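**Student:** Okay, here's the structure, questions in a sec.
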Amino acid sequence: MFAVLKTGGKQYKVQSGDMLRVERLAADAGEKIQFNDILMLGGDDVTVGVPFVAGAAVQAEVIDQIKGDKVIHFVKRRRKHGSQRTKGHRQKLTLIRVTDILASGGADTGLKAAIGTGSVPMAAAPKVEKKSAAPKAAAGSDDLKVLSGVGPALEKKLHAAGITTYAQIAAWTDADVENFGEVLSFKGRIEREGWIEQAKDLAAK
């Protein structure tokens, strides 16, 4: 009896006792696993799945986690200022021995399903935390982009530093100017752009 199973995006025709190298599986050496994606069963009768044969399974024992032969990837660009690059790759594989082929009852064996290391069940997929939104301007804040040299990005930095109104900038001391010049990587430009004078005029309106 033989079976055609699918794993790692490839199809393999196997019989009991066959040794097989497949794409890396999430299993340790000595562990018993079961392939449930069976495309065909053959023997006295042939059963073709639609797309898989219901209840069929192939059981196997993991022999070892290995690497395939090295593959050399060489790229050369034939131009005046051309370049060349050589990269080597060894595919991660799992060596298994097929122990049994089941025509039915595969769902009731209780053996661990053969899952590739790149496959993560949806239920176990890690939750992706949303990035915290940029700090919003507080209610009653002024449009700091009116100041010379201030764009949306710099306004966000000022809001993050707690500066949201013209009055706050108008009240800056020399020490504040030096401090914010360092924080905003804007050293010397605050005086050149005349932020404090502009802020005083805008705050008075």
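The values are calculated or read from the model by the stated rules, or taken from the named source; none is laboratory data. On a predicted model such as this, the values are computed, not experimentally measured, just so you know. In this analysis, Cβ positions are derived from the backbone assuming ideal geometry, glycine residues included, and neighbour counts consider all displayed protein chains.
**Student:** Looking for something of a type outside the set (Gly, Ala, Ser), part of a strand (DSSP E or B) and farther than 20 Å from Ala114 by Cβ - is there at least one such residue anywhere in the range 37-54?
**Tutor:** Yes, the range 37-54 has at least one match.
**Student:** Hey, any hits in the range 156-167 for a residue that's part of a helix (DSSP H, G or I) and more than 37 Å from the chain's Cα centre (by Cα)?
**Tutor:** yes
Let's see how each residue does on (1) surrounded by 17 or more Cβ atoms within 10 Å (Cβ to Cβ); (2) modelled with pLDDT of 85 or more; (3) farther than 28 Å from Ala56 by Cα:
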residue	(1), (2), (3)
Thr117	no, no, no
Lys130	no, no, yes
Val150	yes, no, yes
His159	yes, no, yes
Ala170	yes, no, yes
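**Student:** Hey, can you tell me all the residues within the range 39-65 that are hydrophobic (A, V, I, L, M, F, W, C), surrounded by 14 or more Cβ atoms within 10 Å (Cβ to Cβ) and without any contact (Cβ under 8 Å) to a residue 60 or more places away in the chain?
**Tutor:** Result: Leu39, Met40, Phe52, Val53, Ala56, Ala57, Val58, Ala60, Val62, Ile63.
**Student:** Checking the structure you have, find out if any residue of the range 73-94 is assigned to a strand (DSSP E or B), surrounded by 10 or more Cβ atoms within 10 Å (Cβ to Cβ), without any contact (Cβ under 8 Å) to a residue 60 or more places away in the chain and aliphatic (A, V, I, L, M).
**Tutor:** Checking the range 73-94: not a single residue is assigned to a strand (DSSP E or B), surrounded by 10 or more Cβ atoms within 10 Å (Cβ to Cβ), without any contact (Cβ under 8 Å) to a residue 60 or more places away in the chain and aliphatic (A, V, I, L, M).
**Student:** Hey, another quick one. Which ones in the range 14-42 are among the charged types (D, E, K, R) and under 33 Å from the mean Cα position of the chain (by Cα)?
**Tutor:** Matches in the range 14-42: Arg21, Glu23, Arg24, Asp28, Glu31, Lys32, Asp37.
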